[in-house]
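Here's the structure, in structure tokens; my notes come after.
The values are calculated or read from the model by the stated rules, or taken from the named source; none is laboratory data. All values derive from a computational prediction rather than experimental measurement. Don't worry about glycine lacking a Cβ; one is built from the backbone with ideal geometry, like all the others, and counts go over all protein chains shown.
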């Protein structure tokens with residue numbers, strides 16, 4: 001195989017149990033987001049926009065939807081050998097060594113596929129999660145990694161000290177070399193010269209290739225290890241004196257974007273997913289989907305334009321402060337502060353507000369829907385209310401989150 005400078009490996013095998021029922025039939029990175037995308041699209045765009053075109057996507061749980069999305073819509077063609085986005089399912093590649101085990105952790109997922117790294121002999125390996133919403137110029141982080149002559153560079157997100165106990169926290173010296181890793185500490189240490197902020201690990205890493213092999217081979221032999229980068233590999237690297245540096249995500253420059261890069265969301269819970277979706281419909285959203293210098297690619301399904309019809313009395317088709325995909329028809333209803341995916345139809349006299357409707361949802365006449373996430377292929381009968389009586393919603397079998405968001409599963413039949 002052709003040699004590459006930077007090899008990207010995206011960890012996309014997460015089960016996403018806290019996002020259930022959105023993950024009942026798909027992996028977390030395949031969950032739709034932002035009217036037309038899937039969560040995996042954002043990290044893929046980060047690599048492609050950064051000029052890193054050699055990408056493996058490691059999958060495991062309920063991967064069919066994710067597999068089809070990448071195989072159909074993320075293809076470079078066959079002309080350039082170092083331009084590829086390839087799926088790597090869990091396949092017990094080291095069966096003779098490990099026995100019949102799937103990926104046992106983030107580090108083990110990479111360990112079981114070190115032969116792919118060896119095939120390309122890269123200078124550096126970028127290991128990123130596939131389940132966050134963010135923009136990142138990965139090339140800038142790679143250059144920082146080279147500049148520091150680092151064995152490992154970890155992307156870090158400054159968070160208020162009072163919130164840092166929810167994260168793995170990095171301690172750094174004045175040169176940003178990591179000296180200590182705290183796993184969800186009660187009393188997190190702040191950034192030097194910034195006493196109100198602490199550094200949270202984003203779970204995105206750049207490894208010097210030789211260091212990656214050394215550390216993963218040692219971790220595989222450790223029977224006490226959980227084979228996780230944050231819990232096992234990074235602490236081992238610090239203990240053994242590897243050069244491990246933190247990269248300040250706020251310094252990351254995005255072409256066409258003014259000011260620091262501040263937006264990073266782990267949409268790991270239903271409430272976090274809903275909040276991130278509502279971020280998109282603000283007048284000036286924190287996460288900008290419309291930056292032409294940082295294009296966000298996804299499936300091109302050649303949908304027809306969105307359409308608004310009827311303007312008679314109360315029967316007016318309209319959408320306010322909302323995000324709508326192609327093929328949406330608002331036929332005499334009102335959509336407010338909502339995200340509507342492809343081919344959603346909202347019929348006359350209905351109100352949809354602060355909600356997320358996935359592909360092919362149809363809202364019958366005189367419905368009222370608020371604070372809801374409705375998965376694909378749901379037909380809502382006329383006069384239905386969702387989000388107004390949470391006990392009634394629970395009685396139907398819907399999930400109701402701690403913040404009161406109602407989630408209707410894919411294909412639900414009333």
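Considering every residue within the range 199-215, establish whether at least one is without any contact (Cβ under 8 Å) to a residue 40 or more places away in the chain, under 27 Å from the mean Cα position of the chain (by Cα) and more than 16 Å from residue 243 (Cα to Cα). For the range 199-215, residues without any contact (Cβ under 8 Å) to a residue 40 or more places away in the chain, under 27 Å from the mean Cα position of the chain (by Cα) and more than 16 Å from residue 243 (Cα to Cα): absent. For the range 20-58, residues that are in a strand (DSSP E or B) and either touching a strand residue (DSSP E or B) at 6+ places or on another chain (Cβ under 8 Å) or free of Cβ contacts under 8 Å to residues at least 40 places away in the same chain (or both) total 8.
Kindly indicate the residue of the range 295-314 that is surrounded by 14 or more Cβ atoms within 10 Å (Cβ to Cβ) and touching a residue at least 40 places away in the same chain (Cβ under 8 Å) and also farthest from residue 29 (Cα to Cα) among those meeting that condition. Here the residue is 303.
Please work out if residue 162 is under 26 Å from residue 272 (Cα atoms) and more than 23 Å from the chain's Cα centre (by Cα). Yes. Filtering the range 93-120 to residues that are closer than 18 Å to residue 15 by Cβ and free of Cβ contacts under 8 Å to residues at least 40 places away in the same chain leaves 101, 112. When residues in the range 258-294 are screened for being surrounded by fewer than 13 Cβ atoms within 10 Å (Cβ to Cβ) and under 16 Å from residue 35 (Cβ atoms), 2 of them pass. Under the condition of being modelled with pLDDT of 85 or more, under 25 Å from residue 137 (Cβ atoms) and surrounded by fewer than 19 Cβ atoms within 10 Å (Cβ to Cβ), the residues counted in the range 185-208 number 1.
Does residue 86 satisfy the criteria of being closer than 20 Å to residue 52 by Cβ, within 26 Å of the chain's Cα centre (by Cα) and in contact (Cβ under 8 Å) with a residue 60 or more places away in the chain? Spelling it out, it is not the case that residue 86 is closer than 20 Å to residue 52 by Cβ, within 26 Å of the chain's Cα centre (by Cα) and in contact (Cβ under 8 Å) with a residue 60 or more places away in the chain. Evaluation of residue 231 against the conditions (1) at pLDDT below 90; (2) under 17 Å from residue 155 (Cβ atoms); (3) touching a strand residue (DSSP E or B) at 6+ places or on another chain (Cβ under 8 Å) shows that the sole unmet condition is (2).
Taken over the range 114-125, the criterion of being more than 30 Å from residue 269 (Cβ to Cβ) and either in contact with a strand residue (DSSP E or B) (Cβ under 8 Å, 6 or more places away or on another chain) or assigned to a strand (DSSP E or B) (or both) is satisfied by 116, 117, 120, 122, 123, 124.
The residues of the range 1-19 that are part of a loop (DSSP other than H, G, I, E, B) and at pLDDT below 95, listed by number, are 1, 2, 3, 4, 12, 13, 14, 15, 16.
Note on the range 158-167: residues that are surrounded by fewer than 22 Cβ atoms within 10 Å (Cβ to Cβ) and modelled with pLDDT of 85 or more amount to 5. Residues that are at pLDDT below 85 number at least 1 in the following helices (runs of 4 or more DSSP H) confined to the range 59-113: 95-98. Answer yes if at least one residue in the range 126-147 is at pLDDT 95 or above, loosely packed, with under 15 Cβ neighbours inside 10 Å and in contact with a strand residue (DSSP E or B) (Cβ under 9 Å, 6 or more places away or on another chain), and no otherwise. Yes.
Of all residues in the range 362-388, those that are in contact with a helix residue (DSSP H, G or I) (Cβ under 9 Å, 6 or more places away or on another chain) and farther than 22 Å from residue 31 by Cβ total 1. Checking every residue in the range 271-285 against the condition of being in contact with a helix residue (DSSP H, G or I) (Cβ under 8 Å, 6 or more places away or on another chain), modelled with pLDDT under 95 and within 16 Å of residue 31 (Cβ to Cβ) gives zero matches. Can residue 337 be described as in contact (Cβ under 8 Å) with a residue 24 or more places away in the chain and within 24 Å of the chain's Cα centre (by Cα)? For residue 337, the condition - in contact (Cβ under 8 Å) with a residue 24 or more places away in the chain and within 24 Å of the chain's Cα centre (by Cα) - is met.
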